[in-house]
Amino acid sequence: MAARYDRAITVFSPDGHLFQVEYAQEAVKKGSTAVGIRGKDIVVLGVEKKSVAKLQEERTVRKICALDEHVCMAFAGLTADARIVINRARVECQSHRLTVEDPVTVEYITRYIATLKQRYTQSNGRRPFGISALIVGFDDDGTPRLYQTDPSGTYHAWKANAIGRSAKTVREFLEKNYTDDAIAGDNETIKLAIKALLEVVQSGGKNIELAIIRRNQPLKILEAKEIETLVAEIEKEKEDEAEKKKQKKST
């Protein structure tokens, strides 16, 4: 039955599916894992870093990018599709500044991206964008924001979320561990993002890319050494907890 309705993007199947949009969502699930966490005065984005070819320039392989001074985005899915969405969003951010003389709100640019994606699900001769995005930043009043969009054009606000490969595992970890204490400080929020990624990322901090954005500060991508230091701290904390549990059992 599905084969008859998955050729054209504009045709619904009898049970209400748009198969091409669902296939685009499957493409997202094959992408690198990305996680976003909203703290009190910080928003953290982390992505699983794929291994780079020996002769490839590492700086050209980026899953996190700035859309404006106060808004940035991480994505999972097709990198080429993401490049188009990012360029359109950047132009819209600058156009908004010129027209309104104010920077965009995070929800405004998220809605713009979601509308762009939805448009590509509703007309012939196109296919949906094969990406999901985590869009983060600060509004004028200093409120941290985290939004997620998917290929169908829907968007939602989140406290913490994950997209891409093994997103379900990471989301379950965040549901258990996201508490007020876990995001009490900037360092704790960054560590929570690393812990969430370590649930699915092999070989520790080498394969993690991390970016933070603070109020009135530009996007900062953490150096590999900083990430390795934080991973070492997390592992030491785990060892200390394990020892405490052993001591409790023995007493």
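Take every Cα-Cα pair in the range 97-227 and report what % of them are more than 19 Å apart.
So the pairs more than 19 Å apart make up 59 percent of the total in the range 97-227.
Provide the FRET efficiency to the nearest 0.05 for the residue 115-residue 180 pair, computing r from the beta carbons and using R0 = 35 Å.
Details: r = 34 Å, r/R0 = 0.97.
With a Förster radius of 35 Å, E is 0.55.
Placing +1 on the Cβ of each Lys and Arg and -1 on the Cβ of each Asp and Glu in the range 1-81, which of 80, 51, 36 has its Cα farthest towards the positive end of the resulting dipole?
51
In whole Hz and in residue order, list the ³J(HN,Hα) couplings for the range 156-168 that follow from phi through the Karplus curve 6.51 cos²θ - 1.76 cosθ + 1.60, θ = phi - 60°; x for Gly and Pro.
Coupling constants for the range 156-168: 9, 8, 9, 7, 7, 7, 9, 9, x, 4, 6, 4, 4 Hz.
Based on the Cβ-Cβ distance from residue 248 to residue 169, what FRET efficiency comes out when R0 is 30 Å, to the nearest 0.05?
Efficiency, from the Cβ-Cβ distance: 0.60.
Accessible area of residue 83, 1.4 Å probe, to the nearest 10 Å²?
Accessible area, nearest 10 Å²: 140 Å².
Using θ = phi - 60° and the Karplus curve 6.51 cos²θ - 1.76 cosθ + 1.60, what whole-Hz ³J(HN,Hα) does each residue of the range 124-141 get, with Gly and Pro shown as x?
Those phi angles translate into 5, x, 10, 10, x, 5, x, 9, 10, 10, 9, 10, 10, x, 10, 7, 4, 7 Hz.
Are there GluC sites (Glu not before Pro) in the range 59-161 that DSSP marks as loop and that have at most 15 other Cβ atoms within 10 Å, and which are they?
Those that pass, being in a loop and sparsely packed, are 101.
Can you check how the C-alpha radius of gyration of the range 67-156 compares to 2.2 N^0.38 Å, as a plain ratio? Don't skip to the end; give the middle numbers.
Working: Rg = 12.8 Å, N = 90, 2.2 N^0.38 = 12.2 Å.
The range 67-156 yields a ratio of 1.05.
In sequence order, what are the phi-derived ³J(HN,Hα) couplings for the range 31-38 according to the Karplus relation 6.51 cos²θ - 1.76 cosθ + 1.60 with θ = phi - 60°, rounded to whole Hz, with x for glycine and proline?
x, 4, 5, 10, 10, x, 9, 9
If you place +1 on the Cβ of every Lys and Arg, -1 on the Cβ of every Asp and Glu, and leave all else neutral, what size is the dipole of the range 66-189 about its Cα centre, to the nearest 20 Debye? The partial results should precede the final answer.
On the way: 15 positive and 17 negative charges, 206 e Å.
Approximately 1000 debye in magnitude.
On the Cα set of the range 1-60, report Rg and Dmax in Å, please.
18.6, 51
Could you tell me how far the Cα centroid of the range 141-190 sits from the Cα centroid of the range 225-251, in Å?
24 Å
Using just the C-alpha positions of the range 152-251 as equal point scatterers, what log10 of I(q)/I(0) does the Debye formula give at each q in 0.16, 0.17, 0.22, 0.24 1/Å?
The computed values of log10 I(q)/I(0) come out as -0.83, -0.92, -1.36, -1.47.
Search the structure for amide H atoms under 5 Å from the amide H of residue 67, placed 1.01 Å from N in the peptide plane, and list their residues when 5 or more places away or on another chain.
Under 5 Å from the amide H of residue 67: 72, 73.
Given a Förster radius of 41 Å and the C-beta distance between residue 107 and residue 206 as r, what FRET efficiency does 1/(1 + (r/R0)^6) yield to the nearest 0.05? List each step's numbers first, then the result.
Numbers: r = 35 Å, r/R0 = 0.86.
Given R0 = 41 Å and the Cβ-Cβ separation, E is 0.70.
Given q = 0.14, 0.21, 0.24 Å⁻¹, what are the Debye log10 I(q)/I(0) values for the range 137-191, with equal point scatterers placed on the Cα positions and solvent ignored?
-0.47, -0.98, -1.14
How much length is gained on full extension from residue 51 to residue 100, taking 0.36 nm per residue of separation minus their Cα-Cα distance?
13.4 nm
So which residue, out of 18, 67, 98, gets the largest mean-square fluctuation from a GNM of the chain using Cα contacts under 10 Å as springs?
Maximum fluctuation in the GNM of the chain, among the listed residues, is at 98.
Cα-Cα pairs above 28 Å in the chain: how many percent?
When every Cα pair of the chain is considered, 37 percent fall beyond 28 Å.
Could you check which residue among 238, 191, 168 shows the biggest mean-square fluctuation in a GNM of the chain with a 10 Å Cα cutoff?
238
The values are calculated or read from the model by the stated rules, or taken from the named source; none is laboratory data. Here the structure is a predicted model, which means the values were calculated and not measured. Quick reminder, even Gly has a Cβ in these numbers, built from the backbone with ideal geometry, and neighbours come from all protein chains shown. To get the accessible areas, we keep the full protein, side chains included, count just its heavy atoms, and leave off ligands, DNA and RNA. Shrake-Rupley method; radii C 1.70, N 1.55, O 1.52, S 1.80 Å.
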